[in-house]
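Heads up: the structure comes next, in structure tokens.
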């Protein structure tokens, strides 16, 4: 079954950080006049913190760093990293 998910854009972290945040309806960033709700990034994990109910990864792609948070049932996804 197909889902109706927004298009995922492959971006560098600096583009995400410098994008204009728009929260009118669904949270998104505006990059080159394009609303972006989902992104794919590639980088190196430079920090990992695991807590009881959540985990945090800091990812560096050489343009900037960004934090990715994982909550409750998804925190197991970062255990092997």
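Observations on the model:
- Percent of Cα-Cα distances greater than 19 Å, calculated over the chain: 49
- Gain on full extension, evaluated as 0.36 nm per residue between residue 23 and residue 62 minus their Cα-Cα distance, stands at 11.3 nm.
- Relative contact order for the chain, counting Cα pairs under 8 Å that sit 6 or more residues apart, in percent: 24
- Separation in nanometres of the label points that stand 7 Å from Cα toward Cβ, at residue 37 and residue 54: 2.2
- Here the residues 30, 59, ranked from fewest to most Cβ neighbours within 10 Å of their Cβ, fall in the order 30, 59.
A short reminder: the numbers here are calculations on the coordinates, not readings from a lab. If you're wondering where the values come from, they're calculated on a predicted model, not measured in any experiment. No Cβ is skipped: glycine too gets one built from the backbone with ideal geometry, and neighbour counts run over all protein chains shown.
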